[in-house]
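Here's the structure, in structure tokens; my notes come after.
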Amino acid sequence: MSKKEKIRTEKDKEKDAQVHETHEGEVIRDQSPEEASGQGENNMQNDITGSDKTAVFEQTIEELQGKLEEANDKFLRLFSEFDNYRKRVTRERIELSKTAAENIIVSLLPVLDDLERASKTVQKMQDKDLKDHVESEGILLIYNKFKNILKQKGVEEIPAEGHDFDTDYHEAITHMPAPEEHMKGKVMEEVQKGYLLNGKVIRFARVVVAN
């Protein structure tokens, strides 16, 4: 082998050695403990950050659900209160209209009493005199019409004479001896008629009771 070839061979070997050292250095740098440890820490931090975000999201969802349930509960309570208020107002309005009608009808009862007495007088006059009287017929017509109007509004007479005395409907103004044993405790005479309005007593019947 010539001298030049030996020099060339030695140079090639030196280059190969340098390249080998370079690759080994890179491999060593790739497998450096410090770098490997740092990379592991970064991965761990990323995992921790992801867990924290999940926990925050879950906590936020729980808070929103709590607020939603609270708002729903408030809405239900307000709706219930409003419904109760609406029913109470409706009931009070109905009661007010009934009370107003009751007061008016009670104030008209004395007029009904007068028309009833007038009609009885007219009937007695007609029984005695067989001739027709226009005036008497007019009184009877007014009385019957007025009575029918009150009946349409829910006014009813309270049965009294011949019935058992009932403190829920009758007011005893006096007592009298019973003519017969089975008449005891019964109404013998009706002094003033009593009336009901839609089943409620608006005036008690004033009666005489047998003892």
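The values are calculated or read from the model by the stated rules, or taken from the named source; none is laboratory data. Nothing here was measured: the structure is a model prediction, and the numbers come from that model. In this analysis, Cβ positions are derived from the backbone assuming ideal geometry, glycine residues included, and neighbour counts consider all displayed protein chains. With ligands, DNA and RNA removed, areas are computed over all heavy atoms of the protein, side chains included. Shrake-Rupley method; radii C 1.70, N 1.55, O 1.52, S 1.80 Å.
Every residue in the range 58-105 that is under 11 Å from the mean Cα position of the chain (by Cα), open to solvent by 80 Å² or more (accessible area, probe 1.4 Å) and under 30 Å from G154 (Cβ atoms), please.
Matches in the range 58-105: N84, Y85, R86, K87, R88.
Of the residues in the range 119-128, how many are open to solvent by 60 Å² or more (accessible area, probe 1.4 Å) and among the hydroxyl-bearing types (S, T, Y)?
Of the residues in the range 119-128, 1 are open to solvent by 60 Å² or more (accessible area, probe 1.4 Å) and among the hydroxyl-bearing types (S, T, Y).
Take the conditions open to solvent by 50 Å² or more (accessible area, probe 1.4 Å), under 22 Å from T121 (Cβ atoms) and out of contact with any helix residue (DSSP H, G or I) (no Cβ under 7 Å at 6 or more places or on another chain) and apply them to E181. Does it pass?
No: the conditions fail for E181.
When the residues of the range 155-169 are narrowed to those that are closer than 24 Å to I105 by Cα and touching a Lys or Arg at 6+ places or on another chain (Cβ under 8 Å), which ends up surrounded by the fewest Cβ atoms within 10 Å (Cβ to Cβ)?
E157
Any residue that is open to solvent by 80 Å² or more (accessible area, probe 1.4 Å) and either in contact (Cβ under 8 Å) with a residue 24 or more places away in the chain or of a type in the set (V, I, T) (or both) - is there at least one of those in the range 111-118?
no
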